[in-house]
Amino acid sequence: MARIELKYGRGTVPFEFEDGRFEVLDGEAPDERPLTDAEVGALIDDPFDSQPLEEIISPGETILIVVSDATRATGSAQVVHLLVRRLIALGVAPYDLRVIFATGIHRAVTREERAELLTPFIAQRVRTFNHDASDESKHVSLGETERGTPVELDRALFEHSHVILTGAVGFHYFAGFTGGRKSVCPGLASRRTIEATHLQALDFERGGRRAGVGAGRLDGNAVHEECERIAAEAAPSFLINTVTDERGRVVRLYAGDWRTAHRRACAEYADSHTIKIGERRSLVVTSAGGLPHDINLIQAHKALEMASYACDEGGMIVLVAECPDGLGRADFLKWFDAADSRELESRLRESYEVNGQTAWSLLTKAERFRVQLVSTLPDDDVRLMRMAPARTLADALARAGGGEGYVMPRGAAFMPVVT
């Protein structure tokens with residue numbers, strides 16, 4: 001028998017299976033190790049297509065550091081701690097440093113999460129605050145893009161001498177990749193701007209996703225292009241993006257120009273996190289990857305997206321995701337009153353909301369596959385979303401029958417591609 005531990009919240013779920021029945025899709029390099037503080041510092045000092053920080057930052061200037069919220073594993077505690085020390089060494093006073101959490105339309109970062117994301121030392125010594133996408137008084141309006149998207153960004157972006165973006169790179173099911181411009185848009189954009197950019201993912205004339213929109217795609221991706229256009233209005237001075245391992249530790253770091261360094265990170269991430277498979281199979285077992293990837297269902301859905309690339313039409317996907325924060329939005333379930341995904345898409349055409357698109361994406365997969373969800377969500381909620389609830393992995397697998405399958409321990413991190 002083979003055995004693998006699937007991450008589930010802060011714990012794990014054991015998965016035992018007959019030798020040879022499941023192929024494990026996990027491409028993490030065995031020799032990849034966490035970067036030391038010295039290695040992180042050296043990479044920041046050798047930026048892509050940018051002057052080093054000491055030639056950008058001057059004493060007396062004010063700095064805004066943009067940090068992802070608790071739904072992302074970015075290695076921010078190590079990165080921001082070292083960055084703050086570097087900026088102070090360059091003559092920036094601690095009271096001229098600010099950290100803003102790029103929450104987009106997510107909930108605010110809690111006091112406990114703030115200490116975890118920044119280290120208690122930094123959280124106690126540097127002023128921090130959350131973005132609020134719904135507070136119009138905190139936004140600056142900068143007109144519209146050529147596509148008619150309103151450009152409304154957190155005014156903090158324009159109240160500091162420099163903006164430094166941090167974050168992590170990974171696949172995103174319609175923006176192509178996380179990181180880079182997403183720290184500003186949607187991270188620090190108004191609700192109207194976020195909705196308008198995310199709306200670019202859907203093609204209401206032909207139905208479904210717009211051509212060019214999808215995981216691992218930047219060129220020709222309307223969502224990425226619109227977010228990048230809007231982020232340019234903030235004119236970020238520097239970017240630090242990371243790639244993290246299964247424990248959230250930094251294993252790669254890309255620093256420099258906010259466009260160039262991000263592009264480099266995306267290209268190398270795609271090379272190392274795309275897994276070639278010979279065929280789709282009728283059963284795929286996937287873990288969202290534990291916290292923060294399964295903090296709620298909206299985040300865990302990203303693992304379901306990747307699993308769908310490896311599963312036969314009509315096959316079964318077992319998603320292991322604790323979802324301690326529930327669905328991610330109190331109003332998420334309202335979309336599943338629709339009879340099917342086509343009706344839901346029609347509702348989005350009439351009254352678009354960001355999480356409605358996530359609901360549509362989830363429902364299309366629940367229609368194409370038999371989805372079993374191992375979580376702590378109420379059974380009735382899971383059924384309303386057209387999935388089958390399971391309290392244990394064994395319960396879910398008992399409904400699967402035989403046949404060979406795939407297991408994806410870090411569902412959102414690796415993209416299967418049939419060759």
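The values are calculated or read from the model by the stated rules, or taken from the named source; none is laboratory data. All values reported here derive from a predicted model rather than from experimental measurement. Don't worry about glycine lacking a Cβ; one is built from the backbone with ideal geometry, like all the others, and counts go over all protein chains shown. Side chains included, ligands, DNA and RNA excluded: accessible areas come from the protein's heavy atoms. Shrake-Rupley method; radii C 1.70, N 1.55, O 1.52, S 1.80 Å.
Summary table
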item	result
Residue check for residue 167: farther than 27 Å from residue 341 by Cα, in contact with a Cys (Cβ under 9 Å, 6 or more places away or on another chain) and surrounded by 21 or more Cβ atoms within 10 Å (Cβ to Cβ)	no
Residue in the range 54-63 that is without any contact (Cβ under 8 Å) to a residue 12 or more places away in the chain and open to solvent by 10 Å² or more (accessible area, probe 1.4 Å) present	yes
Within the range 205-216, tally of residues that are of a type outside the set (A, V, I, L, M), assigned to a loop (DSSP other than H, G, I, E, B) and open to solvent by 50 Å² or more (accessible area, probe 1.4 Å)	3
Residues (part of a loop (DSSP other than H, G, I, E, B) and among the acidic types (Asp, Glu)) located in the range 147-199	159
So residue 288, is it in contact with an Asp or Glu (Cβ under 9 Å, 6 or more places away or on another chain), open to solvent by less than 10 Å² (accessible area, probe 1.4 Å) and closer than 29 Å to residue 3 by Cα	yes
The range 363-377 residues that are of a type in the set (Asp, Glu), paired with ones that are not in a loop (DSSP other than H, G, I, E, B) (beta carbon under 7 Å, 6 or more apart)	367/341
Failed criterion for residue 88 (all others in (1) open to solvent by 20 Å² or more (accessible area, probe 1.4 Å); (2) out of contact with any Leu (no Cβ under 9 Å at 6 or more places or on another chain) hold)	(2)
Contacts under 9 angstrom Cβ, first residue in the range 394-413 being closer than 13 Å to residue 302 by Cα, partner at pLDDT below 90 and not charged (D, E, K, R), 6 or more apart	413/27
Sole residue being modelled with pLDDT of 95 or more and basic (Lys, Arg), chosen from 247, 229	229
